[in-house]
Amino acid sequence: MSADSITVLRCAPQLRLAKLLKADGSFVDYDSPRLFSAYEHAISDLTALANGLQTLQGQTQQCVVRGALVDGPAVRGIRRLLHRDPETGDEPTLREVPRRWVALDMDGLDRPAGVEAADLLGCAGVVIPALPSAFYGVSCIVQASAGHGRKPGSRLRLWFWLDRPVGRAELEVWFAGHSVDAVSFRAAQVIYTAAPAFEVGLADHLPVRLARLSGLSEVSVPPSEALQLPPRPRRASFEIPAVKAAEWAENAFRRGVAAVATAPTDKRHVTCVKVAFNLACLCHEGRLYESNVRSALGAALEHAGKEAEEAYKVFDWAMGQASGAAA
């Protein structure tokens, strides 16, 4: 049996990673900690996952993310970063990994009048048909969100165990067109696991917030080739703008801008950061004009499928770094 883990984050004790329900029916939202301690909790199947979730249900300073710790298995004082922060220089703390488990957020689907909110298994039976057919008849952990029973419809998170590890890209293809919030597939996205807190004197309106639906032990995942995005349509060739510079500086400019424009999807940001810094150094030395480089990087990253504004921010950061390095 292939082992896996969940990455658990813990915030400072004065903060809360659970909603607070008030007597008037309103909610006080989660806190937004900047720093966490973190550890990886080993699991081997749905039962082990259920046991972990049962414990986390009572921990209002803890939550889960899909990503694995870069400096694991236990660390302190980290941010939730999948990429280097270009403004602060903080390095990534999480990395994308395929998981045997998946958490499916299903909010706001209709709940028939005959199904009580307290009947978590009944509610799950209503929403599971909105999933791909591979999930039918499979055991899962049903978790009620803070709004379940307070807001219209069913508001559940369903945890399943898969027969092979699956990453974000495959999950997004698999669940395209289904009533699932794909945000939870991101490596650094918080998945809240604590039961809500309640105002003094207010009792939970649900007798239980976790239940296990019986069925097959794991979901049969389609083969990897069936969960690939179709090839991107071929773009028109990217024309690199001309610049007046020494030949070697112009060549560096052309190579760098071309690298950003043609970067693979998973390398676009890191390529832009690397090229921006190299060209910023040339700008600082007076070899290239800052305005030319900035606009060219924006056009190149936009050609690669991202927003030009991201390139502008990266280049502005790079100019600051180049200036500091020269000093």
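The values are calculated or read from the model by the stated rules, or taken from the named source; none is laboratory data. Quick caveat, the model's predicted, so the values are computed rather than measured. In this analysis, Cβ positions are derived from the backbone assuming ideal geometry, glycine residues included, and neighbour counts consider all displayed protein chains.
Has segment 197-208 got at least one residue that is among the charged types (D, E, K, R) and more than 17 Å from residue 106 (Cα to Cα)? Looking through segment 197-208, at least one residue is among the charged types (D, E, K, R) and more than 17 Å from residue 106 (Cα to Cα).
Restricting attention to segment 140-165, the residues being touching an Asp or Glu at 6+ places or on another chain (Cβ under 8 Å) and among the small types (Gly, Ala, Ser) number 4. Residue 184 meets all of the listed conditions (1) over 25 Å from residue 11 (Cβ atoms); (2) of a type in the set (S, T, N, Q); (3) surrounded by 15 or more Cβ atoms within 10 Å (Cβ to Cβ) but one, namely (1). Is it the case, given these coordinates, that residue 37 is hydroxyl-bearing (Ser, Thr, Tyr) and without any contact (Cβ under 8 Å) to a residue 40 or more places away in the chain? Judged against the criteria, residue 37 is not a match.
Within segment 271-321, the residues that satisfy the criterion of being touching a Leu at 6+ places or on another chain (Cβ under 8 Å) and of a type in the set (Gly, Ala, Ser) are 276, 308, 311, 318. Here the condition is being under 28 Å from residue 125 (Cα atoms) and among the charged types (D, E, K, R); of 31, 71, 105, 85, it holds for 105 alone. When 48, 74, 113, 42 are checked against the criterion of being assigned by TED's automatic domain parsing to the domain that holds residue 201, over 18 Å from the mean Cα position of the chain (by Cα), free of Cβ contacts under 8 Å to residues at least 40 places away in the same chain and within 29 Å of residue 270 (Cβ to Cβ), 74 stands alone in meeting it. Considering the conditions (1) polar (S, T, N, Q); (2) buried (at least 16 other Cβ atoms within 10 Å of the Cβ); (3) within 24 Å of the chain's Cα centre (by Cα), residue 265 is excluded by exactly one of them, (2). Residue check: is residue 149 buried (at least 16 other Cβ atoms within 10 Å of the Cβ) and of a type in the set (Gly, Ala, Ser)? Spelling it out, residue 149 is indeed buried (at least 16 other Cβ atoms within 10 Å of the Cβ) and of a type in the set (Gly, Ala, Ser). Among residues of segment 308-326 that are over 13 Å from residue 273 (Cα atoms), none has a beta-carbon under 6 Å from a residue that is among the hydroxyl-bearing types (Ser, Thr, Tyr) and at pLDDT 90 or above at least six positions away or on a different chain.
Among the residues of segment 150-187, which ones are at positive phi and either of a type in the set (Val, Ile, Thr) or in contact with a strand residue (DSSP E or B) (Cβ under 8 Å, 6 or more places away or on another chain) (or both)? Once the filter is applied, which keeps residues that are at positive phi and either of a type in the set (Val, Ile, Thr) or in contact with a strand residue (DSSP E or B) (Cβ under 8 Å, 6 or more places away or on another chain) (or both), segment 150-187 yields only 153.
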